[in-house]
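Okay, structure first, notes after.
The values are calculated or read from the model by the stated rules, or taken from the named source; none is laboratory data. Everything numeric in this text was worked out from a predicted model, so none of it was measured. FYI the Cβ positions are ideal-geometry reconstructions off the backbone, even for glycines, and counts take in every protein chain you see. Calculation scope for accessible area: heavy atoms of the full protein, side chains included, ligands and nucleic acids excluded. Shrake-Rupley method; radii C 1.70, N 1.55, O 1.52, S 1.80 Å.
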Amino acid sequence: MGEEGMTSDVQQKAAKTSPKLTVLPLIALIFYEVSGGPFGVEDSVKAGGGPLLSLLGFLIFPLIWSIPEALITAELATSFPENGGYVIWISSAFGPFWGFQEGFWKWLSGVLDNALYPVLFLDYLKHSLPIFNLLIARIPALLGITGALTYLNYRGLHIVGFSAVSLLVFSLCPFVVMGILSIPRIKPRRWLVVDFKKVDWRGYFNSMFWNLNYWDKASTLAGEVENPSKTFPKALLGAVVLVVSSYLIPLLAGTGGLTSLSSEWSDGYFAEVGMLIGGFWLKWWIQAASAMSNLGLFEAEMSGDAFQLLGMSEMGMLPAIFASRCLYNGLLVTLRIKFE
């Protein structure tokens, strides 16, 4: 009993002494929960029959969807500044049964989604390193990537947050460069092109919602945020601006600086746009940024899922083991107590 009580005290002190998330790391985590960069928005040009609907969509949809969802998240996350996020909200409104249903299915979808990112990372690398087409190299690489990223999460959320900031800078810099290089080429009339006969409304709206959704995911980390009543609104506002800008700048550069058919705009086309505007070096940089973005997506998803489980455990929905904090933090606290 004495040892168990000491372990519990150590874990509680570890939780209290672990650095909290500040605005910038939280912006980066929200960015990767929602977006990860402009990779994949190319289809919106093809589905929209040209640049006009794509550009209008990423201007209008944030106003009617992203900003309201972000405001709701900011309000509820500051009202319930605890780990678990939407599980707590649903439980408070409809009871623990529906709260558990929300938590379980959201967690399951997150786990399935997260399994894709190491695979996508290697899919980008195999173009330059064909050895990753072979299972004898691919399987150990997947296990190594997953293990390394999981260990990073294990070390602490503050480390994950600053890692996300670094990945964000690396992933978005090539598009800033592309935007600057495209300025002499831009002809605004190209942005107004649209062929309504070629519009795929289902694909268009799917692209909008897919790339502008999931603002509530970061709420599962509310208990790890420093001064959430001030930090969450600022971080969500910053993330909305960052996400929308990360879509619009590459689209404005690519569609305004080049004459290309809407049918050419599909997944991965930004790399070709980079080559046409800046050369092969920019193409490779964009491909590398796309690969690294998958690591940020993995880290953000794992963090959100892990702290959701922690919150559900603290609410009594899951076994107590899911509320256990990182042993590494506990050892640090134990050593500090001994030396003090």
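Has the range 167-185 got any residue that is among the hydroxyl-bearing types (S, T, Y) and open to solvent by 10 Å² or more (accessible area, probe 1.4 Å)?
no
Assess whether Y151 counts as being touching a Ser or Thr at 6+ places or on another chain (Cβ under 7 Å) and either surrounded by 13 or more Cβ atoms within 10 Å (Cβ to Cβ) or within 23 Å of A306 (Cα to Cα) (or both).
no
Is there any pair with a first residue in the range 231-242 that is within 12 Å of D216 (Cα to Cα) and without any contact (Cβ under 8 Å) to a residue 12 or more places away in the chain and a second that is of a type in the set (S, T, Y) and open to solvent by 50 Å² or more (accessible area, probe 1.4 Å) whose Cβ atoms are under 6 Å apart and which are 6 or more apart or on different chains, and what are they?
none
Against the condition part of a helix (DSSP H, G or I) and either open to solvent by 30 Å² or more (accessible area, probe 1.4 Å) or within 30 Å of G103 (Cβ to Cβ) (or both), how does V244 come out, does it pass?
Yes; evaluated as a whole, the condition is true for this residue.
Residues to consider are S91, S163, S171, S54; find the one that is at pLDDT 90 or above, of a type outside the set (F, W, Y) and more than 27 Å from Q287 (Cβ to Cβ).
Going through S91, S163, S171, S54 in turn, the sole match is S91.
Quick one: would you say I249 is under 28 Å from D195 (Cβ atoms), in a helix (DSSP H, G or I) and either hydroxyl-bearing (S, T, Y) or open to solvent by 60 Å² or more (accessible area, probe 1.4 Å) (or both)?
yes
Of the conditions (1) assigned to a loop (DSSP other than H, G, I, E, B); (2) crowded, with 18+ Cβ neighbours inside 10 Å, N213 clears all except one; give me its number.
(2)
Scan the range 87-108 for residues that are closer than 18 Å to Y32 by Cβ and open to solvent by less than 60 Å² (accessible area, probe 1.4 Å) and jot them down.
K106
Taking A222 and the conditions (1) within 19 Å of E33 (Cα to Cα); (2) without any contact (Cβ under 8 Å) to a residue 60 or more places away in the chain, which numbered condition does it fall short on, given that it satisfies the others?
Answer for A222: the failing condition is (2).
Could you list all residues from the range 31-53 that are assigned to a loop (DSSP other than H, G, I, E, B) and either open to solvent by less than 10 Å² (accessible area, probe 1.4 Å) or under 21 Å from V194 (Cα atoms) (or both)?
Residues satisfying the conditions are G36, G37, P38, G40, V41, G48, G49, G50.
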